[in-house]
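Have a look at the structure below before the remarks.
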Amino acid sequence: MKVSDTFWLTIISQFQHAFVYVSVILFFLVPKVGRRQYIEFGAILIFSLICETGGWIGVLVFHANMNLLSSLLTIIFFPLLILLYLKQPYWRNWRVVAYITIAAFTIFAVVNLFYIQGVSGGNSYPRAVASFFYLIIGITYLFGYMGSLPKEVRAKHPMYWFSIAIVFYNSVVVYLAIWMDYLVKIKNSRLIEVFMIHNSIGAVYYMIFWYALILMRREYTVTQPSA
């Protein structure tokens, strides 16, 4: 008996959902001082968990369109990620540009939500724009600041692996977001294949986060001297 694509999408999505839970748990295992330093990272994980859980409840229980939740998550993620990078040495002199970019993106995303694609029409335009910015930020950070550090130093830095995850994930998402509107409106696609690709790379994305969080915990765990 042939297994449907919907079945595989459900399995992959469940794995991604579980990986988000693990990421949140790992974040709360980081000592308090570390959680404060990376509070935006923690907020990204917590909001991801809320979105994943709310999405499943909305679809499976209420059979609701979850585009509004996805759109709000995109609007929330953008400033959180930029504010996280503003704490890093390489980006501290770009505060004014960062705040203007956050304001401009938020306005665009809200206008898109209500007047362009609509509440039920998806948020592929803001996702594409956000992913493009994430790629620029992640790549310049990896090859700028991190590229100037010795290999053994950057390999132990949580933001190095966080940036790798950001670049890996968004290099695919930006492509999917650009084509999503075309696939829905012109090709009448159900997007099952698109979501299978998205959720598969999402699972890997969170696994890279795991390593970043493990390094974060090591960095902020104070070794007690032996008696």
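The values are calculated or read from the model by the stated rules, or taken from the named source; none is laboratory data. Predicted, not measured: the structure shown is a model, and the values here were computed from it. For neighbour counting, all protein chains shown are included, and Cβ atoms are generated from backbone atoms with ideal geometry for every residue, glycine included. Surface accessibility is based on the protein's heavy atoms, side chains included, excluding ligands, DNA and RNA. Shrake-Rupley method; radii C 1.70, N 1.55, O 1.52, S 1.80 Å.
Structure above, values below:
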| quantity | calculated |
| --- | --- |
| Residues being within 19 Å of the chain's Cα centre (by Cα) and open to solvent by 20 Å² or more (accessible area, probe 1.4 Å) - total across region 111-127 | 2 |
| Residue 171 of a type in the set (Ser, Thr, Tyr), surrounded by fewer than 21 Cβ atoms within 10 Å (Cβ to Cβ) and within 13 Å of the chain's Cα centre (by Cα) | yes |
| The listed residue being surrounded by fewer than 19 Cβ atoms within 10 Å (Cβ to Cβ) and either aliphatic (A, V, I, L, M) or out of contact with any Lys or Arg (no Cβ under 9 Å at 6 or more places or on another chain) (or both), out of 162, 132 | 132 |
| Checking residue 73 against (1) farther than 18 Å from residue 195 by Cα; (2) crowded, with 19+ Cβ neighbours inside 10 Å, the condition it does not meet | (1) |
| Whichever residue in region 198-211 is open to solvent by 30 Å² or more (accessible area, probe 1.4 Å) and under 15 Å from the mean Cα position of the chain (by Cα) and, among such residues, is modelled with the lowest pLDDT | 198 |
| Residue 29 vs. criteria at pLDDT 90 or above and open to solvent by 40 Å² or more (accessible area, probe 1.4 Å) | yes |
| Matching residues, region 3-26, being touching a helix residue (DSSP H, G or I) at 6+ places or on another chain (Cβ under 6 Å), open to solvent by 30 Å² or more (accessible area, probe 1.4 Å) and not hydrophobic (A, V, I, L, M, F, W, C) | 5 |
| Flag for residue 184 being closer than 26 Å to residue 22 by Cα, of a type in the set (Val, Ile, Thr) and either in a helix (DSSP H, G or I) or at pLDDT 95 or above (or both) | no |
